[in-house]
Amino acid sequence: ISSCLHSHHYHLLPTLLLHMICCCVIFLLIFLLLSSHEFPPVFFFLMIRRPPRSTLSSSSAASDVYKRQYQRRVRGSTDDSMKRLAGQLGHCRHMCSNTALSAHVYPSQWSQRLKWFGGGCVLLAGSGYVYSNYLRDGQRIPLSMQHDYMQAKIAMVDGDLSTAKKFAKKAVVNAEASYSKDSVVLVPFLLLHARICVAAEKQQEAEQVYLRAIAIAAGRTKASSAEGGAVPSAAALEPAFELAELYEKTGRVTQAIGVHKRRVQIAAGAFGMEDERSLAVVQSLADTLRRNSTDLAVAAQLYQHCLRHVPVSHEQRLVLHMSLSAVHLQLGDYPSAEIAARSAIQVIETAPKDAYPETETAIAYHNLAQVKAALGELTQAGTLRDQALEHADTDTLRLMIEDANQDPEGYSESKFHQAGRC
């Protein structure tokens, strides 16, 4: 295009632009062919060329007639000026022919090929460099590993744990071969492997896999404990949470609390204590302390810290108020428990309709009923229990509310949360 503009051959610009558009379309078709999973059955290749001289089209025939008339007129004329004019016209026609113009405007064939070859090498090298960077940073997962990961999840949902474990291990091996054995990309594949081990009730193997995921996120080569060592990155929060759940499930409460405390340190160092992600980690620690009736005063302080920094419209405020009410009830601080329980009811009443599920609403009313019963206000406690039964949407929750109504001393708030999950 620059050569045409420099030599004032503007009439060639539309043709060049048309050829560029056709090349872009063809390259796009080739790209779609290579990137598609199934090859289309038919492809149409476009080729634009000038028709030959033997074409019997009206335009070609008219052109030949005009040329013959012009040559006859030039041969019949004896005037020198006409001859000079014919010579000039022939020279212009020769200069405007395709062969002469291509040699005059475009570079030589070999130089053009070298330019195309060099441009292709640069393009391939740049694409390889970008792809290697994506691989190294874990932003682009190979299709084979994605396939194994999805097959493992599908088999796990279907209950085929042996097949799920086979695909999960295969994904981990492929990830190690594609990246390295200490790459952060391995963390999601290790998490899936550990979840399958937990579902198969292989707690020791799951613990080792979780510890390896945490060690990779922390930059350590060997894993021994999730409580010590260098401060891991935020990528260690999820495997540490699942490891703490495994410890709590197997009765190792002290280790579970230690892992949750370590998570709080990681989140505070990465995000700050007032960040929403850090507040979720603090809430997990408080929930573990409340469920196991350990350091309830510390759990109450943690819930209050979350309530001070969580936005007013946040959906977790209801859960935080109910949990704080349960902690105060276990501590015997009934006035504080009543304040927290009423705050939970106020959150439900001021929220839009159907903003919270019926199970949480029933638990909130029943928490306040338990506080009223502890304060000796049995009439109000009965009214609140009736409201709780109206919102209870599971038979298990209704039975627990009725049992607590018959035996108020047998109340256990953790049972109601378990019923709510069911």
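Scalar couplings 3J(HN,Hα) for region 289-299, obtained by applying the Karplus form with A = 6.51, B = -1.76, C = 1.60 to θ = phi - 60°, are 5, 5, 5, 9, 6, 10, 6, 5, 5, 5, 4 Hz; x denotes Gly and Pro. Under 5 Å from the amide H of Ser233 lie the amide H atoms of Ala218, each residue being 5 or more positions distant or on a separate chain, with H modelled from the backbone and absent for Pro and chain starts. So which of Lys166/Lys261; Lys166/Lys202; Lys170/Lys249; Lys153/Lys353; Lys165/Lys261 end up more than 24 Å apart, counting from Cα to Cα? Too far apart for the 24 Å limit: Lys166/Lys261; Lys170/Lys249; Lys153/Lys353; Lys165/Lys261. If the segment from Leu28 to Val298 were pulled out straight at 0.36 nm per residue, it would be longer than the present Cα-Cα gap by 91.0 nm. Working ranking of peptides 346-354, 204-212 by packing, defined as the average number of other Cβ atoms within 10 Å per residue, highest first, is 204-212, 346-354.
Converting phi to 3J(HN,Hα) with the Karplus coefficients 6.51, -1.76 and 1.60 and the offset θ = phi - 60°, region 200-215 yields 8, 6, 10, 5, 5, 5, 4, 4, 5, 5, 4, 5, 5, 4, 5, 5 Hz in sequence order, with x at every glycine or proline. Computed as a quarter of the hull surface, the mean projected area of the alpha carbon convex hull for region 155-303 stands at 9.1 nm². Summarising the label geometry, the points placed 7 Å from Cα in the beta-carbon direction at Thr350 and Ser162 lie 5.8 nm from one another. Reported to the nearest whole Å, the Cα centre-to-centre distance from region 145-207 to region 324-387 is 43. Computed extension gain for Arg398 through Gln380, at 0.36 nm per residue and net of the alpha carbon distance, reaches 4.6 nm. Taking max minus min of the alpha-carbon positions on each principal axis, region 327-367 gives extents of 33, 17, 11 Å, largest first.
Computed from phi, the 3J(HN,Hα) profile of region 14-20 under the Karplus parametrisation 6.51, -1.76, 1.60 (θ = phi - 60°) reads x, 5, 5, 5, 5, 5, 4 Hz, with x in place of Gly and Pro.
Bear in mind that the values in this text are calculations on the coordinates, not laboratory data. Predicted model only: the values in this text are computed from it and were never measured. Here Cβ is always computed from backbone atoms with ideal geometry, including for glycine, and neighbour counts include all displayed protein chains.
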